[in-house]
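The next block holds one structure in the form of structure tokens; read it before the comments.
Coordinate-derived values only; no laboratory data. What you see is a predicted model; the values in this text were computed from it and never measured. Backbone-built Cβ (ideal geometry, glycine too); neighbour counts: all protein chains shown.
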Amino acid sequence: MSLPRYVRLVEVSPRDGLQNEARPVSTLDKVRLIEDLSAAGLKHIEAGSFVSAKWVPQMAGSAEVFALLSRQTDVIHSALTPNLKGFEDALAAGVREVAVFASASEGFSRRNINCSISESLERFLPVMVSAQRHGIRVRGYVSCVLGCPYEGKVTPQQVSSVANELIDMGCYEVSLGDTLGTGTPEATRKLIDAVTGRIPRSKLAGHFHDTYGQALANIYASLLEGIEVFDSSVAGLGGCPYAQGASGNVATEDVLYMLTGLGIETGVDMARLIAAGQRICKVLERRNGSKVAQAWQPV
Ligand code: HMG
Ligand code: MG
């Protein structure tokens, strides 16, 4: 299959990135990060999540973040919502797009959202109904698509079955999450092959954590399989609190560098993106996890 001309990047650092940071980040710093990312040209930014503050304290201020964001018609600011309560809180905060998140493995589902896979899918149904009534688009995630921290191996069939359910209930797109970052390109290829048995490629996205340094290779394998949407996180921020040792998503700067080298457009400006990553790393007093940001020499 030939490579696409354009790739849509979904920037997840304000959510997937910051949810895993031990150090508290102020609402103003979160808003500044999101505004910096949109100034760099990112058109879809996952800006927060409406989950239990007891479970993920860093996301507790998501309503305040949404209240302060400047509304741009050409930028989607989305939020994670695990159930109807989260969805209603998101709605009250003015969120216009949400994501529900399920797991391909029972062990991770229990640890992450305290219920089985089928219970989680049941909890999403009223979210879908209410979202449709309010004209809100819903994205779906499947976690642990290439391995689970509690169960080890996950088969492509397990992933495909959960992804099908999410599409059938009305998600416009399903993002396949390698939460642990253990996947390799051949496993990625087999996974996409299985999932596209019923779901068109245009409704799939890739979400690769870079724990084992395989994320760019997995994105390249996905591109060759016809996937055109990828989630990434500036400066490689983040991880998942329920996947011990998992590092952040692949760095947006590194994905952009690879895509540019492949002649693929994204609409994102590298210098501004790097500046956004450097600024938040300074706030977090953390090393920038993007190799490109470390090596970048402005021309
Ligand atoms: P639970 O304790 O099972 O919920 O949590 P419950 O229904 O039994 O309710 C218990 C209490 O939580 C009640 O409050 C509810 O009101 C409250 P109380 O009466 O005790 O005062 N509650 C909520 N509060 C705020 N927001 C809500 C909400 N729902 C109930 N939405 C729940 C279930 C899902 C809420 C909890 O397990 C949770 O918040 N888990 C955190 C999940 C999370 O954010 N994980 C990280 C994101 S997923 C991820 O990173 C993977 C991804 O990146 C893809 C990949 O990499 O693979 C997406
Ligand atoms: Mg993730």
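Side notes on the structure shown:
- Here the contact order of the stretch 50-115, divided by its residue count and restricted to Cα pairs under 8 Å and six or more residues apart, works out to 31 percent.
- Cross-link table LYS153/LYS203; LYS43/LYS291; LYS203/LYS291; LYS30/LYS291, entries beyond 27 Å C-alpha to C-alpha: LYS203/LYS291
- Evaluated at q = 0.17, 0.20, 0.32 Å⁻¹: base-10 log I(q)/I(0), Debye formula over Cα of the stretch 1-51: -0.57, -0.71, -1.31
- Couplings for the stretch 113-119, taken from phi via the Karplus curve 6.51 cos²θ - 1.76 cosθ + 1.60 with θ = phi - 60°, read 10, 6, 7, 6, 4, 5, 5 Hz in order; Gly and Pro are left as x.
- The stretch 1-62-the stretch 182-246 distance, computed between alpha-carbon centres (Å): 18
- Among THR188, GLY48, PHE124 the positive-end extreme of the charge dipole of the chain (Cβ point charges): GLY48
- In the calculated pair-distance distribution of the stretch 1-133, the portion above 21 angstrom amounts to 44 percent of the Cα-Cα pairs.
- Panel order for THR252, THR73, by other beta carbons found within 10 Å of each beta carbon, from fewest to most: THR73, THR252.
- Gyration tensor (alpha-carbon) shape descriptor, the stretch 124-233, a/c threshold 1.5: prolate
- Counting other Cβ atoms within 10 Å as a rough exposure proxy, the listed residues HIS77, HIS209 run HIS77, HIS209 from fewest neighbours to most.
- Sorted ascending by nearby beta carbons within 10 Å, beginning with the fewest, ILE274, ILE34 become ILE274, ILE34.
- The chain - mean residue ellipticity at 222 nm from DSSP helices (-39,500 (n - 2.57) per run, n ≥ 4, rounded to 500): -12000 deg cm²/dmol
- Most fluctuating residue given options ALA235, ALA39, ALA92, as computed from a GNM of the chain linking Cα atoms under 10 Å: ALA92
- Among ALA246, ALA205, ALA53, the largest mean-square fluctuation in a Gaussian network model of the chain (Cα springs under 10 Å) belongs to ALA53.
- For LYS85, the lysines whose Cα comes closer than 19 Å to its Cα, not counting residues fewer than 8 places off in the same chain, are LYS54.
- Sequence-separation-based contact order of the chain, relative, with Cα cut under 8 Å and 6+ spacing, percent: 21
- Close amide H partners of GLY248, meaning residues 5 or more places away or on another chain with modelled amide H under 5 Å apart, are ASP210, GLY238.
- For the stretch 26-87: rounded, prolate or oblate by the Cα gyration tensor [a/c cutoff 1.5]: prolate
- Full extension of the segment from SER118 to GLN72, taken as 0.36 nm per residue of separation minus the current Cα-Cα distance, would add 12.9 nm.
- Dipole magnitude of the chain about its Cα centre (Cβ charges: Lys, Arg +1; Asp, Glu -1), debye to nearest 20: 220
- The chain shape via C-alpha gyration tensor axes, a/c threshold 1.5: rounded
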